[in-house]
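The structure appears right after this line, and notes come after that.
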Amino acid sequence: MLAKQMEKTNKGCKMLKKKSWLLTLCLVLLLGVLAACSGKKDAEPTTSNTKTEDNSKPKKGGTITGAMDTAPAGIFNPIFYTDAYESNILSFTHEGLVSQNKKLEFIPGLAKSWEFNNEHTELTFKLQDNVKWQDGQPFTANDVVFTYKTMASPGYIEAGGVRTEYVDRLLGYEEFSTGKAKDFQGVVAVDDHTVTFKYAKPNVLALP
């Protein structure tokens with residue numbers, strides 16, 4: 001009897017040891033899985049409450065670098081340049097009264113609006129407010145008058161000027177360009193932000 005009881009006790013101990021070993025193995029495997037999951041979580045990028053920069057809006061300042069296969073002539077004057085390379089550079093540094101979109105429609109530039117008279121002999125521009133030159137001086141209608149008066153002046157062509165198509169239809173061009181008249185009637189500053197172009201004949205190609 002005692003021998004049989006001892007044998008049962010030994011079997012019970014073996015089974016208990018086997019179950020303990022299995023329990024320990026399961027616990028180790030469970031800890032391994034948890035550790036792996038924890039490692040993956042740490043590897044994921046954490047979200048931050050800081051706001052990311054919005055690159056869709058234009059920013060002031062910075063540097064632009066361009067490459068050209070031919071050096072420009074170096075004149076950099078919008079009423080005297082002749083080569084296309086300078087035209088590309090001037091498009092970054094100068095702006096016209098109007099420009100054109102992809103549909104070839106006229107859109108505002110330095111002028112915010114424009115209007116013809118009934119006879120199509122006068123074109124009046126309203127200039128943008130608060131436009132300044134690089135030295136901080138305000139851009140006004142007098143600057144527009146100066147530019148067109150220069151292109152109509154005696155000696156402009158002799159000095160190498162090639163933009164007479166902008167002024168040769170304006171009122172009084174022949175008289176002023178030949179020195180017969182002291183004042184140029186073709187462009188008049190109405191006020192600081194209004195300038196009127198006057199033409200000798202009705203002109204459907206008036207927008208500069």
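Read the figures in this text as sums done on the coordinates, not as results from a lab. Keep in mind it's a predicted model, so treat the numbers as computed, not measured. Here Cβ is always computed from backbone atoms with ideal geometry, including for glycine, and neighbour counts include all displayed protein chains.
Quick notes
- Gained length - Q185 relative to S91, 0.36 nm times residue gap less alpha-carbon distance: 30.9 nm
- Extension gain (nm, one decimal) between E158 and A71, 0.36 nm per residue minus Cα-Cα: 28.8 nm
- The stretch 89-135: trypsin sites (Lys or Arg not before Pro) falling in loop per DSSP and having at most 13 other Cβ within 10 Å: K102, K103
- Whole-Å semi-axes of the stretch 53-208's equivalent ellipsoid (Cα gyration tensor): 29, 21, 15
- Low-density loop positions, chymotrypsin sites (Phe, Trp or Tyr not before Pro), the stretch 121-159 - DSSP coil, at most 11 other Cβ in 10 Å: W133
- Extension gain for the segment K132 to L104, taken as residue separation times 0.36 nm less the Cα-Cα distance, is 7.3 nm to one decimal.
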